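Notes to accompany the following structure.
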Amino acid sequence: GVDAAVALDSSVCRVLETCDCAFVGAEGVCASGGVLNRIGTRQIALLCQAAGRPLYCAAESFKLTRAFPLGGGDAPQTTPGTEESTAVGVEMGAVAPVAGSEESLLAVATRARDYTEPKTITLVITDLGAWAPSAVSEELLMLYA
C-alpha cells in the first residue's frame, strides 16, 4: 500500500515536510498544460516548487479544455448571486460591514478560482494517460481533430 493523506490548503506547507509528492484535482486542464481550479491550487503548486516536491494533477479527460489563460486574472469566475459565489454569507466582490461599525465597509476581494501555471506541474494524469504539461495541447489536437 501507498501511504496517503488529505491535507487542508492551509496546512500544505507543514505537510510537505513529511511527503514525497502532492496531488491536486482540476476543474479544467488548459491547452497550455495549466490548471483551472478552486482557489488554493496555485498556492499548493508554488509550495511544492519551493520544497522541491513534484505536483501531479489528476483530472478526467472531459476536463481538457482549449482555453489558454495567460495568468491568474484570466481564470473564469462564478456568476455573482449564485450559491458558490458567496463566502461566509458575503457575495464575492461585494462589500460587507466592518464589525462594530455600520458606516465603514470592507471590500471582499476573494476570487473563486485561479490558474496554476504549467511550469509548476510535474504531470497531468487522466483516464487517457499521464502527460507532461507541455504535451496537453498535442493530446487536445488528437482528441478534437
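The values are calculated or read from the model by the stated rules, or taken from the named source; none is laboratory data. Being a predicted model, the structure only gives us computed values, none of them experimental. Neighbour counts run over all protein chains shown; Cβ positions are idealised from the backbone, glycine included. When the accessible area is computed, the model is the full protein with side chains, heavy atoms only, and any ligands, DNA or RNA have been set aside. Shrake-Rupley method; radii C 1.70, N 1.55, O 1.52, S 1.80 Å.
Taken over region 132-145, the criterion of being outside any helix (DSSP H, G or I) and without any contact (Cβ under 8 Å) to a residue 24 or more places away in the chain is satisfied by Ala145 alone. Against the conditions (1) within 12 Å of the chain's Cα centre (by Cα); (2) at pLDDT 90 or above, Thr18 satisfies every one except (1).
Within region 66-76, restricting attention to residues that are in contact (Cβ under 8 Å) with a residue 40 or more places away in the chain and assigned to a loop (DSSP other than H, G, I, E, B), the residue that is most open to solvent (accessible area, probe 1.4 Å) is Arg66.
From (1) open to solvent by 60 Å² or more (accessible area, probe 1.4 Å); (2) at pLDDT 65 or above, pick out the condition that doesn't hold for Pro97. The one condition Pro97 does not meet is (2).
Criterion applied to Thr110, Thr122 was being at pLDDT 95 or above and open to solvent by 40 Å² or more (accessible area, probe 1.4 Å), and the one residue passing it is Thr122. Considered as a group, the residues in region 125-145 that are open to solvent by less than 30 Å² (accessible area, probe 1.4 Å) and of a type in the set (Val, Ile, Thr) include one that is modelled with the lowest pLDDT, and that residue is Val136. Across region 1-23, the number of residues qualifying as of a type in the set (Gly, Ala, Ser), part of a loop (DSSP other than H, G, I, E, B) and open to solvent by less than 90 Å² (accessible area, probe 1.4 Å) comes to 1. Scanning region 24-57 for residues that are open to solvent by less than 50 Å² (accessible area, probe 1.4 Å), part of a strand (DSSP E or B) and over 13 Å from Lys119 (Cα atoms) returns Val24, Gly28, Val29, Leu36, Asn37.
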